[in-house]
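Laboratory data are not the source of any read-out in this text; all were calculated from the coordinates shown. No experiment lies behind these values; they were computed from the predicted model shown. Cβ placement follows ideal geometry from the backbone for every residue including glycine, while neighbour counts extend to all protein chains displayed.
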Amino acid sequence: MLTLHLHKLVFHSYHGLYDGEDKTGNDFEVNLDVHYSVKKDKYDSFKHLIDYEEIYSIVQKRMALPSPLLEEVADSIIKKIHHQFGQVTRITISIFKLNAPIEQFNGKVGITLTRIFD
């Protein structure tokens, strides 16, 4: 089992339910762990591995599409990765809104979604 990590990816996106979030946007942090099996434990060639640039591209493209709910964004990223890479056995993604429009709030809010595939 091999795990590919992409952490602390920051995007300016337009996700959210609050008034104006679709216009001003917000900064989001994405952390992603993709677990997969490598056929015959061959680590000597890139053709046996998942390219993290391709995973990043999937995340980047989806983060550019506005959505009111982070749960939906996370789910669609997981589905796209699993569809494109059948050897994936588990994916965990966290998406944090770095500047939540909550009065007197200092911190970040977010969600984590994990899917396990047989």
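Key figures
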| item | result |
| --- | --- |
| The chain: Lys pairs at Cα distance under 16 angstrom, eight or more positions apart or on different chains | 7 |
| Projected label distance in nm at ASP22 and TYR52, using a 7 Å step from Cα toward the beta-carbon | 3.6 nm |
| In nm, spacing of pseudo-spin labels at HIS12 and LEU65 (7 Å Cα→C-beta vector) | 2.3 nm |
| Förster radius 25 Å - calculated FRET efficiency between GLN104 and GLU29 (Cβ-Cβ, nearest 0.05) | 0.70 |
| Estimated [θ] at 222 nm from DSSP helical runs (n ≥ 4, -39500 (n - 2.57)) normalised by residues in the chain, nearest 500 | -8000 deg cm²/dmol |
| The chain: angle of helix 52-63 to the longest principal axis, Cα-based, in degrees nearest 10 | 30 degrees |
| Length-normalised contact order of segment 2-116 in % [C-alpha pairs under 8 Å, at least 6 apart] | 30 percent |
| Where N is the number of residues in segment 52-103, Cα Rg divided by 2.2 N^0.38 Å | 1.25 |
| Rounded to 10°, Cα long-axis angle of helix 70-84 versus longest principal axis of the chain | 20 degrees |
| Residues GLU29, GLU72, GLU53, sorted so that the one with the fewest Cβ neighbours within 10 Å comes first | GLU53, GLU72, GLU29 |
| Pair-distance profile P(r), taking every C-alpha pair of the chain, with 5 angstrom steps and integer % | 2, 11, 22, 22, 16, 11, 7, 5, 2, 1, 0 |
| FRET E, pair LYS79, SER37, Förster distance 25 Å, beta-carbon r, rounded to 0.05 | 0.85 |
| Binned Cα-Cα distances of segment 24-73, short to long, each 10 Å bin given as a whole percent | 18, 42, 24, 14, 3 |
